[in-house]
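Read the structure below first, then the notes.
The values are calculated or read from the model by the stated rules, or taken from the named source; none is laboratory data. Note that this is a predicted model, so its numbers are computed, not measured. So basically every Cβ, Gly included, is an ideal-geometry build from the backbone, and we count neighbours across all protein chains shown.
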């Protein structure tokens with residue numbers, strides 16, 4: 001689990017069933033499937049009122065999708081990628097009704113994107129129940145060009161958009177669902193600290 | 001007295017400097033010979049005549065040049081000015097606060113006349129004469145916060161208050177000491193202060209937040225903060241750090257007096273009447289070491305403050321590459337004599 005020492009980084013308390021919800025809307029990625037199974041496997045009543053969107057990400061070989069399919073969710077959308085999942089989620093949120101509880105489980109960048117999508121549909125971000133599962137890889141926004149680089153496991157790294165050498169600052173934006181990347185060799189171009197794999 | 005506005009630059013050829021009068025009124029931030037974080041908040045009461053605290057909003061000789069620099073920053077990077085949709089009432093509150101204060105205290109430069117909601121704003125230094133309807137955004141060339149802050153020195157953030165916290169949901173930030181509005185917008189008080197070292201453990205932010213949540217209308221408060229900047233560059237943003245960061249490597253023992261600037265932020269906070277939001281203004285003042293030591297007390301004191309600064313703060317404030325050279329240079333202006341208490345020159 002991510003350390004709670006970064007004051008701007010959210011703490012994800014984990015998934016728990018909201019027994020009062022009229023609908024459950026669940027978005028999961030990769031190992032997040034295991035969090036969904038933990039909560040919903042023995043809850044047939046909840047599953048009958050639930051819509052699940054799942055994309056396997058790097059966990060395709062684990063066949064979590066098959067286990068989720070076996071639970072007989074009222075709505076089930078197995079999506080090939082995060083962007084296609086988020087597009088589908090946006091459409092569902094457009095017609096979601098009062099009493100819908102939103103859940104998200106997976107890597108941190110995915111959690112951030114799902115919560116941001118919910119927020120644009122008027123959902124209080126703090127009402128979304130979230131659980132971090134899988135890689136500690138970070139989603140990082142380059143403060144210079146504003147480009148997002150996904151799955152950053154080491155610092156420093158090269159911005160996938162503008163090519164600057166960035167270090168990952170321990171500063172997190174919920175709105176962007178991303179950490180901040182800042183040029184590491186601005187004062188002495190080419191002088192780079194040793195690369196550390198900190199976020200595996 | 002009419003202010004003589006200077007023609008000067010904060011980039012490229014860096015012609016910015018302070019007149020002797022501007023040096024005397026510089027808001028020197030150290031009231032003793034050492035520095036550590038504190039909740040150094042005080043009432044934003046009128047200070048001595050001609051000081052930077054004389055009026056709630058301070059306009060000085062750098063006004064016109066600073067507004068030109070802000071326009072350049074916004075042209076290159078519009079993300080420096082952002083506002084979430086629910087902040088529009090607070091934007092109008094801010095426009096009222098700034099226009100009323102500037103017109104009242106600098107009547108020779110600014111005039112505000114009102115006929116109900118039909119207002120007329122005259123800004124003589126910038127050559128602006130604008131009639132508009134208060135509350136109707138279509139009657140101004142920019143949204144209200146951007147309109148008025150393109151005409152007022154200092155960065156401004158508008159903080160929404162809810163859930164016992166303050167949320168940075170709006171702002172114009174073009175003269176910042178290395179923080180990004182675009183990244184921090186939407187964050188709460190604890191979140192946007194996350195990168196600051198030491199202070200969290202001292203409980204500074206909990207106490208400051210508790211204090212600010214109870215801020216009352218008509219009782220603004222202020223505090224001073226400081227850092228150092230190489231060359232009189234206002235736009236020391238993280239967005240442009242890859243362009244200005246190398247300035248820090250250009251300091252030599254010979255040019256410390258000219259290159260190294262003390263950068264002081266006069267931060268003030270006001271409760272707004274309609275929105276219940278809080279204005280957080282961050283006004284930057286810069287002074288090069290050569291100018292600063294013309295006040296002997298300040299030369300002695302800054303030498304002692306920098307010499308004793310904790311390593312974490314040297315690092316956080318970005319002083320590492322030139323801290324030693326600056327302390328050495330200032331030591332020549334410190335004869336060891338005692339300094340008097342308080343900020344002001346002897």
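Of the numbered conditions (1) within 29 Å of residue B:243 (Cβ to Cβ); (2) within 13 Å of chain A (Cβ to nearest Cβ); (3) assigned to a strand (DSSP E or B), residue B:158 satisfies every one except a single condition; which is it?
Failing condition for residue B:158: (2).
Quick check: is even one residue across segment B:248-257 under 20 Å from residue B:61 (Cα atoms), modelled with pLDDT of 95 or more, in a loop (DSSP other than H, G, I, E, B) and away from chain A (no Cβ under 14 Å)?
Checked segment B:248-257: no residue is under 20 Å from residue B:61 (Cα atoms), modelled with pLDDT of 95 or more, in a loop (DSSP other than H, G, I, E, B) and away from chain A (no Cβ under 14 Å).
Out of everything in segment A:163-177 that is over 14 Å from residue A:7 (Cα atoms) and facing chain B (nearest Cβ under 9 Å), what residue ends up being surrounded by the most Cβ atoms within 10 Å (Cβ to Cβ)? Before you say what the answer is, go through the steps one by one.
Restricting attention to segment A:163-177, the residues satisfying the condition of being over 14 Å from residue A:7 (Cα atoms) are A:163-168, A:175-177.
Pick out the ones that are also facing chain B (nearest Cβ under 9 Å) and you get A:164, A:175-176.
Values: A:164: 23, A:175: 17, A:176: 21.
Filtering segment A:163-177 for residues that are over 14 Å from residue A:7 (Cα atoms) and facing chain B (nearest Cβ under 9 Å), the one surrounded by the most Cβ atoms within 10 Å (Cβ to Cβ) comes out as A:164.
As an exercise: evaluate residue A:193 against (1) surrounded by fewer than 16 Cβ atoms within 10 Å (Cβ to Cβ); (2) part of a loop (DSSP other than H, G, I, E, B); (3) facing chain B (nearest Cβ under 10 Å) and give the number of the one condition it does not meet.
(3)
Go through (1) in contact with a strand residue (DSSP E or B) (Cβ under 6 Å, 6 or more places away or on another chain); (2) closer than 16 Å to residue A:14 by Cβ for residue A:34 and report which single condition fails.
Only one criterion in (1) in contact with a strand residue (DSSP E or B) (Cβ under 6 Å, 6 or more places away or on another chain); (2) closer than 16 Å to residue A:14 by Cβ is unmet by residue A:34, namely (1).
Any residue at all in segment A:131-138 that is more than 24 Å from residue B:196 (Cα to Cα), away from chain B (no Cβ under 14 Å) and in a strand (DSSP E or B)?
Looking for residues that are more than 24 Å from residue B:196 (Cα to Cα), away from chain B (no Cβ under 14 Å) and in a strand (DSSP E or B), one finds at least one in segment A:131-138, hence yes.
Only residues that are touching a residue at least 24 places away in the same chain (Cβ under 8 Å), out of contact with any helix residue (DSSP H, G or I) (no Cβ under 9 Å at 6 or more places or on another chain) and surrounded by fewer than 19 Cβ atoms within 10 Å (Cβ to Cβ): list them for segment A:140-156, please.
Result: A:153, A:154.
State whether the residues of segment B:120-136 include one that is more than 14 Å from every other protein chain (Cβ to nearest Cβ) and under 30 Å from residue A:8 (Cβ atoms).
Narrowing segment B:120-136 to residues more than 14 Å from every other protein chain (Cβ to nearest Cβ): B:120-136.
Now narrow it down to the ones that are under 30 Å from residue A:8 (Cβ atoms): none.
No - not one qualifying residue is present in segment B:120-136.
Does residue B:313 fit the bill of being crowded, with 21+ Cβ neighbours inside 10 Å and closer than 16 Å to residue B:228 by Cα? Spell out how you get there, then give the answer.
On the way: crowded, with 21+ Cβ neighbours inside 10 Å: no; closer than 16 Å to residue B:228 by Cα: yes.
It is false that residue B:313 is crowded, with 21+ Cβ neighbours inside 10 Å and closer than 16 Å to residue B:228 by Cα.
Taking the conditions exactly as written (outside any helix (DSSP H, G or I), more than 14 Å from chain B (Cβ to nearest Cβ) and closer than 30 Å to residue B:77 by Cα), does residue A:150 satisfy them or not?
When the stated conditions are applied, residue A:150 passes them.
Assuming residue B:121 fulfils every condition listed in (1) part of a helix (DSSP H, G or I); (2) more than 16 Å from the chain's Cα centre (by Cα) apart from one, which condition is it?
Unmet condition: (1).
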